Amino acid sequence: MTARFARTALTTTIAGVALASTSLGALAAQTVTVGHTTSDNSHYSVGVDAFKKTLEELSGGEFAVEEHPSGALGGERAMIEGLQIGTIDTIITSTGPLGNFVPETYVLDLPFLFADYDQARCVLDGEIGQDLLDQIGQNNLVGLAWTENGFRHLTNSLRDVKTPEDAAGLKIRTMENQMHMAAFEEMDVHPTPMAFPELFTALQQGTVDGQENPVSVILTSNLWEVQDHMTLTGHVYSPAIMLASPVLWDGLSDEQKGWFTQAAKAGAEATRAEVSRLETEGVKELKDRGVTVVESVDKSQFQEAVEPSYSVYTDQYGSEMLDKIRNSECLASS
Ligand code: EAX
């Protein structure tokens with residue numbers, strides 16, 4: 001190589017390095033992944049949009065949020081494990097599998113515990129919700145904010161269900177949650193725990209007869225395509241939570257942590273508004289799509305049927321948290 005040629009090559013290399021570092025400077029935004037199992041037009045996705053907008057604005061572009069909907073990063077249990085080892089930054093999940101990691105949260109999954117949305121949201125936004133976020137923080141996870149999935153209703157492909165007796169014998173997919181499974185066993189339903197991303201195919205192929213989820217999920221995950229009957233049982237409130245990986249969290253400054261918390265709260269607010277909207281408008285849409293909906297349900301019959309499942313909880317975890325919720329000043333408005 002001639003001297004002149006070598007010098008040119010060196011200059012080019014230096015120029016290349018300079019260019020690379022300039023563009024690195026411009027691209028310094030740290031990408032934050034958000035995983036969830038529902039579709040990109042769901043209530044969770046509405047929450048991700050608000051989270052993204054708020055975090056990107058507050059941080060002046062220091063963080064860029066990337067949504068991974070529809071179970072692209074796995075089911076909810078697998079995603080929680082991903083947070084713990086740091087392969088996923090943040091997720092929105094129901095409490096379905098959370099009790100397997102933080103048993104204190106099981107109390108929220110008891111059937112007919114909350115009478116309506118106002119009461120549930122009030123409890124989660126108050127001292128009890130904060131206590132539970134702190135417990136989550138002690139289990140290699142970071143609880144950013146309580147958000148919402150909604151009251152769960154029963155669907156199936158075989159028959160109209162008006163009473164618990166009508167439901168008996170059905171094979172129903174449940175979340176991987178001890179409390180939910182115990183409640184369905186009391187109704188003589190065969191609970192089949194399964195991760196959400198497997199649900200549509202399981203319903204389509206008849207591996208299970210039915211499932212239960214809020215209107216928001218049934219509508220936006222197209223479960224109405226494979227379920228003809230729905231009963232507005234509202235048998236359990238399904239909280240959701242935005243969780244972060246401790247690996248991400250430990251690398252943040254206090255100011256940055258504040259941005260994440262604020263953004264997660266903005267996301268939760270947007271999600272709750274969307275759940276409320278779909279709860280009132282979604283049933284009509286499901287009917288329009290051919291689902292037979294049993295709307296007037298004697299809930300007390302279902303409540304009575306699942307009542308013994310409370311002792312499954314209290315036998316293991318005592319009644320302190322349950323009493324706290326029952327005695328809290330959060331009242332039902334309906
Ligand atoms: O969080 O697993 C479920 O049925 C959940 O409701 C769904 O994944 C949304």
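Overall dimensions of segment 28-332, expressed as equivalent-ellipsoid semi-axes from the Cα gyration tensor (√(5λ), whole Å, largest first), are 31, 22, 17. Count Lys and Arg as plus one, Asp and Glu as minus one, and take only other residues whose Cβ is under 12 Å from that of residue 157; the net charge is then -1.
Only aspartates and glutamates eight or more places from residue 287 in sequence, or on another chain, were considered; those with a Cα closer than 14 Å are 160, 225, 228, 279, 295.
How many percent of the alpha carbon pairs in segment 179-286 exceed a separation of 25 Å? More than 25 Å apart: 39 percent of the Cα pairs in segment 179-286. Modelled spin labels at residue 277 and residue 85, positioned 7 Å past Cα toward Cβ, are 3.8 nm from each other.
Sequence-distant contacts, meaning Cα pairs under 8 Å at least 6 residues apart, place the relative contact order of the chain at 26 percent.
Counting only Cα atoms, the size of segment 244-334 along its three principal axes is 52, 43, 27 Å, in decreasing order. Between residue 328 and residue 287, the simple label model (points 7 Å from Cα in the Cβ direction) yields a spacing of 3.3 nm.
Atom-type composition of the exposed protein surface of the chain places 51 percent of the accessible area on carbon and sulfur (1.4 angstrom probe). Compared with the direct C-alpha span, the chain from residue 158 to residue 125 gains 8.0 nm at full extension, assuming 0.36 nm per residue. Taking all protein chains into account, the per residue accessible area for the chain stands at 44 Å² (1.4 Å probe).
Spin-label model, residue 316 to residue 225: label points 7 Å out along the Cα-to-beta-carbon direction sit 3.5 nm apart. Dipole size of the chain about its Cα centre, with +1 on Lys/Arg Cβ and -1 on Asp/Glu Cβ: approximately 1320 debye, rounded to the nearest 20.
Beta bridges from DSSP with both residues in the chain: antiparallel share about 55 percent, rounded to the nearest 5.
The values are calculated or read from the model by the stated rules, or taken from the named source; none is laboratory data. Worth saying up front: this structure is predicted, and the values here are computed from it rather than measured. Counting neighbours? That spans all protein chains shown, and the Cβs are built from the backbone with ideal geometry, glycine included. For the accessible areas, the whole protein counts, side chains as well, though only heavy atoms, and no ligand, DNA or RNA atoms are used. Shrake-Rupley method; radii C 1.70, N 1.55, O 1.52, S 1.80 Å.
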